[in-house]
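Inspection log for the structure reproduced underneath, given as structure tokens.
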Amino acid sequence: MFSESHSQLNVCGKPPLNTKIVGGEVASAGSWPWQASLQGSGSHVCGGSLINNQWVLTAAHCCAIEDISTSTLTVVLGLQSLEVPNPNQVSRKVSKIIIHSGYNSKTYYNDICLLKLSSPVKFTKYIQPVCLAAPGSTFYNGTEAWVTGWGKSRYGVFIPLSEDLMEVQVPIVGNRQCNCNYGVGVITDNMICAGVGGKSSCQGDSGGPLQSKQGGRWIQEGIVSFAIGCAETQFPTVYTRVSRYRSWINKQITSNQPGFKTFKSTGMDGDLSVTCPGLPQGH
């Protein structure tokens, strides 16, 4: 049933304009062609990612905002700057908002949501779908990942959103380590953590993608979910673990299903040796 021969696999995760080797600050135009801006009443609310020509993946907490509905939400693709329009961007209204039925706003369990665009978009150099991490993917402690978005550059009430799409390279933090940081039990198998002190996502990045490259393709392993502060040394950002939601996604998207790819880490998983009070033994 779940072969890797989906039509989206021919195109997903291969941005023609991304030649990324080392980290920058402002992302060059077209680097992350699946990055979406979710806008309510003309203002950026959250990020998201294009996963086929008519569906965008984001966080449930972005879809559960009081004023967000199919009548108020617009998705903008091909966007570089929130301030300066460009000829590559495309806007769509949303015809359907599907929040995971198991979403819990207090614990951030199942923080995942799908948006159906009012009509399909045409793929261009600036608008492309990302591949999604398939079940069985492994992201060991220290795996290189990138998070992208227009969120605040630092934590604080009066800090404005970033005008340009920003990118930051962050290492994956293993779930055992992340549980020790946050308190055992907070981080479930349906979550994945990433980030080190001084580098992380922040307010406004919610719903956007955490992605890693393997075999020439970018694969999205996480959706920005929650954190304590931003770029706190002790607290990595917590993301929804995309590979755990393949069957849920495929249940909602019945035709032209997204491309899922298995990401495999090499070597040993250093997270297995992590221990702290209350944490069960590694397995």
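The values are calculated or read from the model by the stated rules, or taken from the named source; none is laboratory data. Just so it is clear, the model here is predicted, and its values are computed rather than measured. Here Cβ is always computed from backbone atoms with ideal geometry, including for glycine, and neighbour counts include all displayed protein chains. When the accessible area is computed, the model is the full protein with side chains, heavy atoms only, and any ligands, DNA or RNA have been set aside. Shrake-Rupley method; radii C 1.70, N 1.55, O 1.52, S 1.80 Å.
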For the stretch 33-74, name all the residues that are crowded, with 17+ Cβ neighbours inside 10 Å and of a type in the set (Gly, Ala, Ser). Ala36, Ser37, Gly40, Gly47, Gly48, Ser49, Ala59, Ala60
Quick one: would you say Cys180 is in contact with a Cys (Cβ under 6 Å, 6 or more places away or on another chain), under 24 Å from Ser273 (Cβ atoms) and at pLDDT 90 or above? yes
Candidates Val147, Val130, filtered to the one that is open to solvent by less than 30 Å² (accessible area, probe 1.4 Å) and under 22 Å from Thr74 (Cβ atoms): Val130
Within the stretch 100-123, does at least one residue satisfy the condition of being open to solvent by less than 50 Å² (accessible area, probe 1.4 Å), assigned to a helix (DSSP H, G or I) and touching a residue at least 40 places away in the same chain (Cβ under 8 Å)? no
